[in-house]
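J.: One structure follows; several queries about it will come next.
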Amino acid sequence: MAVDVPSDREVHTTSVKVRFYELDPYDHVNHTNYFSYFETARIEYLSEMGWGLDVLKEKGWQFVVVEISARFLAAARYGEELTIHTWIEDAGRVKSTWRQTMDRGDQAVARLTVTAAFTDLEGRPHRLPPEFVEHMRKLKR
């Protein structure tokens, strides 16, 4: 799942620092923690766009992860600074596809693809709001 950061759309960048309690017995980040790092980056991106979880909830909406695919390329260790690049690959009527890369300096650490469905707070599928679709359109250059 080799992925280059695209140049034809807005890409959000987040940094996280590995904490000691995120390590497994082999002294590298436990694979489950990578998902938390990626989730943090997606939530920060939504907030920066003006679509934070508080805003979505206030409107009665949410994004629900329906599919996730990860590729782990290198182990991350205590104290390392990881950079996560996040972008929206595609936005359809109800679903959106998000891509993310995690790097340590110039070294690739992990890649992620997420499909998220847009729903109401009860989990029923809901069309993406026109203002969100319009915002996604503007992200492409």
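A short reminder: the numbers here are calculations on the coordinates, not readings from a lab. Predicted model only: the values in this text are computed from it and were never measured. Heads up, the Cβs are rebuilt from the backbone with ideal geometry, glycines too, and the neighbour counts pull from every protein chain shown.
J.: Which one, HIS85, VAL29, SER69, is farthest towards the positive end of the dipole of segment 1-110 when Lys and Arg carry +1 and Asp and Glu -1 on their Cβ?
T.: Going by the Cα projections, it comes out as SER69.
J.: Full extension from LYS140 to SER47: what is 0.36 nm times the residue separation minus their Cα-Cα distance, to one decimal in nm?
T.: Residue separation times 0.36 nm, minus the Cα-Cα distance, leaves 31.6 nm.
J.: What's the extension gain from THR113 to ARG71 if we count 0.36 nm per residue and subtract their Cα-Cα distance?
T.: Working: separation 42, 0.36 × 42 = 15.12 nm, distance 0.91 nm.
Result for the pair: 14.2 nm of gain on full extension.
J.: Hey, what angle do you get for helix 130-139 against the long axis of the chain, alpha-carbon based, 0 to 90 degrees rounded to 10?
T.: So the inclination is approximately 50 degrees.
J.: Of PHE20, PHE118, PHE72, which is the most mobile in a GNM of the chain whose springs link Cα atoms less than 10 angstrom apart?
T.: Result for the chain, Cα springs under 10 Å: PHE20 fluctuates most.
J.: Oh, and also: For the pairs LYS59/LYS95; LYS17/LYS95; LYS57/LYS138; LYS95/LYS140; LYS17/LYS57, flag any whose C-alpha to C-alpha distance is greater than 26 Å.
T.: Details: LYS59/LYS95 18 Å; LYS17/LYS95 31 Å; LYS57/LYS138 23 Å; LYS95/LYS140 17 Å; LYS17/LYS57 29 Å.
Violating the 26 Å Cα-Cα cut-off are LYS17/LYS95; LYS17/LYS57.
J.: Give me the dipole magnitude in Debye, nearest 20, for the chain about the Cα centre, with unit charges on the beta carbon: positive for Lys and Arg, negative for Asp and Glu.
T.: 400
J.: Any idea what angle helix 31-49 forms with the longest principal axis of the chain, computed on alpha-carbon atoms, 0 to 90 degrees, nearest 10?
T.: On a 0 to 90 degree scale, this one is about 40.
J.: Oh, and also: Where Lys and Arg each count +1 and Asp and Glu each count -1, what net charge lies around GLU44 among other residues with Cβ under 14 Å from its Cβ? Let's see the in-between values first.
T.: Working: positive: ARG42; negative: GLU10, GLU39, GLU48, ASP54.
Around GLU44, the charge tally is -3.
J.: What is the distance, in nm, between label points placed 7 Å from the Cα along the Cα-to-Cβ direction at LYS57 and at THR13?
T.: 3.1
J.: Right, here's the next one. For the pair ASP27 and GLU81, how long in nm is the line joining their label points, each one 7 Å along Cα→Cβ?
T.: Between ASP27 and GLU81, the simple spin-label model gives 2.3 nm.
J.: Still on this structure, please answer the following. Calculate log10 I(q)/I(0) of the chain for q = 0.11, 0.13, 0.22 Å⁻¹, where I(q) comes from the Debye formula with a single equal point scatterer on each Cα and nothing for solvent.
T.: Values returned for q = 0.11, 0.13, 0.22 Å⁻¹ are -0.42, -0.58, -1.37.
J.: Please report the Cα spread of segment 65-141 along all three principal axes, rounded to whole Å, starting with the longest.
T.: That works out to 40, 31, 18 Å along the principal axes.
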